[in-house]
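Enquirer: One structure coming up, written as structure tokens, with questions to follow.
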């Protein structure tokens, strides 16, 4: 954990890219001749696969990774991660087609809430009393903002 400033910069770049992706996807789906959610998912998946194969080839790493063939647990976790990623990405694209971008980003603000809950149950990380109070308050606030934003859209 020695390069936190760079990590913060890259995380902000990732967030900015996700917002730009959502806006361009929304624009691409507009009108009767717009692309569908499945078109977006296919193109992004194909580009990601092509990019990953080039990076793996340039770096010289085996496609499935060195320990993947040796460790069945790693293989299962990679498959689970991939399946969850497909469901998550599909849900994200589906939401882009049907919700305002602002509401999608507000709902995205619940990531720390869900991360803490899952980390507690899956990884056994500690969550303390005051953290739970603040998590419930922030989740409630995000929920109120999202509901108000949706009501203003109607």
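Only the coordinates and a few stated rules stand behind these numbers; no lab work does. Here the structure is a predicted model, which means the values were calculated and not measured. Note that we place each Cβ from the backbone using ideal geometry, even for glycine, and neighbour counts take in every protein chain shown.
Enquirer: Tell me, what does the Kirkwood hydrodynamic radius of the chain come to in angstroms if you use every pair of distinct C-alpha atoms? Intermediate values should be presented prior to the final figure.
Expert: Values: mean 1/r = 0.0533 Å⁻¹.
One over the average 1/r among Cα pairs gives 18.8 Å for the chain.
Enquirer: Stokes-Einstein at 20 °C, 1.002 mPa s, Kirkwood radius from Cα pairs: D for the stretch 100-154 in µm² s⁻¹?
Expert: Answer from the Stokes-Einstein relation: 176 µm²/s.
Enquirer: Still on this structure: For a quick protection proxy, order the peptides 91-99, 2-10 by their average other-Cβ count within 10 Å, most packed first. Each step should come with its number before you reach the end.
Expert: On the way: 91-99: 15.9, 2-10: 9.2.
Highest to lowest by the protection proxy: 91-99, 2-10.
Enquirer: For a quick check, take a GNM of the chain with Cα springs below 10 Å and name the residue from 29, 135, 77 with the largest mean-square fluctuation.
Expert: Comparing 29, 135, 77 in the GNM, the peak value goes to 77.
Enquirer: Okay, helix-only estimate at 222 nm for the chain: each DSSP H run of n ≥ 4 adds -39500 (n - 2.57), divide by all residues, round to 500 deg cm²/dmol; what do you get?
Expert: Calculated at 222 nm, the ellipticity per residue is -26000 deg cm²/dmol.
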